[in-house]
Amino acid sequence: MAVVDLSGKVVVITGGARGLGAAAAQAVVDGGGRVLITDVLEAEGAETAAKLGDAARFVRHDVTSESDWRAALDHTVAEFGRIDGLVNNAGISTGQFLEHESVERFRQVVEINLVGVFIGMKTAIPLLRAGGGGSIVNISSAAGLTGLALTAGYGASKWGVRGLSKIGAVELAEAKIRVNSVHPGMTLTPMTAPVGIEAGEGNYPGAPMGRVGAPEEIAAAVSFLLSDAAGYMTGAELAVDGGWTAGLTVRHLTGR
């Protein structure tokens, strides 16, 4: 993957212990930036930060907690002096038909995937504003662009993230704070591994490109949106899904 210039930027990434978050943290450091990784997975988060060296730090962080958010961002400023970017990546998924999803699970998913993003944006905005602007990248999903079965709480929350991103983009443009959403398709991570997907060409016929994504491919889109190269982009929806949400393939239409 090409390295995007993030020299001097300080970025906070939630859910950064593994998967997409860890790949995004690696991309920030590779680009010359510094990163605070947050997660509830303490051992994995600390290990990921250690691998990235002195440009990375880790704190345990429950994204549904306002006090945890304040502590995480305060720690970032104490360690690195500023905040230039926020990647709201932390999330959990569901795999039930709507009628079988429990109310408790639905609420839990929405609380983590959507309310957590809201609290993060709300907490970060004053710090980004004080620094003269910045970039917020919210990780939604292909399930936030189209209706996807078996994703009741997950899909609803990711549509919410998409909408919240647009509201932030409109409200914060004058403060030079850009807000964009990234919509990954099926990507091979610890969260999706139980589905049974595999890396490699031809292993995912549901997408026109015929394969699942790699975390590094999503991270490349995230690092671009964090960078000055995306300086005129706000309110955008960036689908990184191998064409999954573009429409039906010839295979689906003809069976060949």
Are there helices (runs of 4 or more DSSP H) fully within the stretch 1-80 with at least 3 residues that are charged (D, E, K, R) and either free of Cβ contacts under 8 Å to residues at least 24 places away in the same chain or over 16 Å from residue 134 (Cα atoms) (or both)? List them. 42-52, 66-80
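Taking the stretch 8-19 as the region of interest, how many residues are farther than 15 Å from residue 86 by Cβ, in contact with a helix residue (DSSP H, G or I) (Cβ under 8 Å, 6 or more places away or on another chain) and either open to solvent by 10 Å² or more (accessible area, probe 1.4 Å) or of a type in the set (Val, Ile, Thr) (or both)?
The number of residues fulfilling the criteria is 2.
If we keep just the residues of the stretch 85-104 that are over 21 Å from residue 162 (Cα atoms) and of a type outside the set (Gly, Ala, Ser), which is modelled with the lowest pLDDT?
Checked the stretch 85-104; the qualifying residue modelled with the lowest pLDDT is 96.
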Out of curiosity, is residue 168 open to solvent by less than 20 Å² (accessible area, probe 1.4 Å), over 13 Å from residue 93 (Cβ atoms) and not aliphatic (A, V, I, L, M)? yes
Give the number of residues within the stretch 81-117 that are open to solvent by less than 40 Å² (accessible area, probe 1.4 Å), of a type in the set (D, E, K, R) and within 20 Å of the chain's Cα centre (by Cα). 1
Residue match in the stretch 23-41 (condition: under 17 Å from residue 90 (Cβ atoms), open to solvent by 60 Å² or more (accessible area, probe 1.4 Å) and more than 17 Å from the chain's Cα centre (by Cα)): no
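Quick one: would you say residue 116 is within 15 Å of residue 73 (Cα to Cα), touching a strand residue (DSSP E or B) at 6+ places or on another chain (Cβ under 8 Å) and not acidic (Asp, Glu)?
Here the answer is yes, as residue 116 does meet what is asked.
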If the requirement is being part of a loop (DSSP other than H, G, I, E, B) and either touching a Phe, Trp or Tyr at 6+ places or on another chain (Cβ under 7 Å) or modelled with pLDDT of 90 or more (or both), which of these qualifies: 149, 220, 173? 149
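The values are calculated or read from the model by the stated rules, or taken from the named source; none is laboratory data. All values derive from a computational prediction rather than experimental measurement. All Cβ positions, glycine included, derive from the backbone under ideal geometry; neighbour counts span all protein chains shown. Heads up: the accessible areas ignore ligands, DNA and RNA and are worked out on the full protein's heavy atoms, side chains in. Shrake-Rupley method; radii C 1.70, N 1.55, O 1.52, S 1.80 Å.
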